[in-house]
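Before any comments, here is the structure.
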Amino acid sequence: MKSNLIIACFAILLTAINACKHEIPQPDVILPPNGNNNGGDCDQNIVYFEQQILPIFQSSCAIPGCHDEATQTDGIVLTSWQGVMNAGIQPGNPWEEDVMEAIAFPENPEDQMPPYPNAPLSQNQIDLITDWIIQGAQNNSCETAGCDTSNVSFSMGIWPIIENKCQGCHTGAGPMAGISLNNYDDVFAIASSGLLNGTINALPGYIAMPYNGAQLPQCQLDMIRIWIEDGAPNN
């Protein structure tokens, strides 16, 4: 009888100990569908690698002397999904990897990526990459992601294109070709001169842009054309 009582008390004690254990909360990981979604509307809650993430890496990281095909600094080439993944991306967990530490939380100024004199990524770009990794770092695509030609504005439509696909080369202390795209006035100047339209459409006599990347999707070309035809307003 006494032994049965001891066993019962021990069982109660184990139950109490287990009940006091706390699970460490983990961030929710939302995995979007694999592959492309070029046949329908883009999901506004999904970050698409081909249209929204790759241009950031191509413009700000895969530049001459850094992580382009020719230089391959530290053996890293950031011109494709596979190259970005090989850099140490951990799907679902952006908080424990070297890539995010370099672009968002460098321990020392010399560790900042992109390196000086290039400008660091904006908070919007860092947030976009973070969301993409949380969603599983998918190699996904949707041609009209972030594109709306029905109501084109500089702040919501044109500036994100410039920021993600042009600013990496055209900002900081040594912008390519001496052209800075730091704000509306800079973009307005190249738009009104015809340079913006000529480069993004690869017209004769112009160097095709974005550098080291594919031509802008037709929807984005249309957005910029509409904005310029409207007088390139700061709206």
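The values are calculated or read from the model by the stated rules, or taken from the named source; none is laboratory data. Computed from a prediction, not measured in an experiment: that's the story for all the values here. Don't worry about glycine lacking a Cβ; one is built from the backbone with ideal geometry, like all the others, and counts go over all protein chains shown.
One line per residue, one yes/no per condition, for (1) among the charged types (D, E, K, R); (2) under 21 Å from the mean Cα position of the chain (by Cα); (3) closer than 19 Å to residue 59 by Cβ:
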position	(1), (2), (3)
148	yes, yes, no
155	no, yes, no
159	no, yes, yes
167	no, yes, yes
182	no, yes, yes
198	no, no, yes
204	no, no, no
221	no, yes, yes
226	no, no, no
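The sole residue among 62, 119 that is outside the structural domain of residue 182 (by TED's automatic domain parsing), surrounded by 14 or more Cβ atoms within 10 Å (Cβ to Cβ), within 23 Å of residue 162 (Cβ to Cβ) and in contact with an Asp or Glu (Cβ under 7 Å, 6 or more places away or on another chain) is 62.
Condition check ((1) at pLDDT 95 or above; (2) closer than 20 Å to residue 225 by Cα; (3) buried (at least 18 other Cβ atoms within 10 Å of the Cβ); (4) touching a helix residue (DSSP H, G or I) at 6+ places or on another chain (Cβ under 7 Å)) across all residues:
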{"site": "166", "(1), (2), (3), (4)": "no, yes, yes, yes"}
{"site": "170", "(1), (2), (3), (4)": "no, no, yes, yes"}
{"site": "174", "(1), (2), (3), (4)": "no, no, no, no"}
{"site": "177", "(1), (2), (3), (4)": "no, no, no, no"}
{"site": "181", "(1), (2), (3), (4)": "no, yes, yes, yes"}
{"site": "185", "(1), (2), (3), (4)": "yes, yes, no, no"}
{"site": "206", "(1), (2), (3), (4)": "no, yes, no, yes"}
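Quick one: what pairs do we get from the stretch 185-202, first residue free of Cβ contacts under 8 Å to residues at least 12 places away in the same chain, second exposed (fewer than 12 other Cβ atoms within 10 Å of the Cβ) and not polar (S, T, N, Q), C-beta under 8 Å, 6+ apart or different chains? Between residues of the stretch 185-202 that are free of Cβ contacts under 8 Å to residues at least 12 places away in the same chain and residues that are exposed (fewer than 12 other Cβ atoms within 10 Å of the Cβ) and not polar (S, T, N, Q), the close pairs are 198/205; 199/207. The set of residues in the stretch 213-232 being surrounded by 19 or more Cβ atoms within 10 Å (Cβ to Cβ) and on the phi > 0 side of the Ramachandran plot consists of 232 alone.
This table checks each residue for (1) of a type outside the set (A, V, I, L, M, F, W, C); (2) in contact with a Gly (Cβ under 9 Å, 6 or more places away or on another chain); (3) buried (at least 18 other Cβ atoms within 10 Å of the Cβ); (4) touching a residue at least 24 places away in the same chain (Cβ under 8 Å).
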residue: 103; (1), (2), (3), (4): no, no, yes, yes
residue: 111; (1), (2), (3), (4): yes, no, no, no
residue: 133; (1), (2), (3), (4): no, yes, yes, yes
residue: 143; (1), (2), (3), (4): yes, no, no, yes
residue: 152; (1), (2), (3), (4): no, no, yes, yes
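Residues in the stretch 208-228 that are more than 17 Å from residue 143 (Cα to Cα) and in contact with a helix residue (DSSP H, G or I) (Cβ under 6 Å, 6 or more places away or on another chain): 209, 212, 227, 228.
Report the residue count in the stretch 35-59 for those that are under 14 Å from residue 164 (Cα atoms) and at pLDDT 85 or above. Selection size over the stretch 35-59: 12.
Residues of the stretch 79-108 that are under 13 Å from residue 129 (Cα atoms), part of a loop (DSSP other than H, G, I, E, B) and hydrophobic (A, V, I, L, M, F, W, C): 89, 95.
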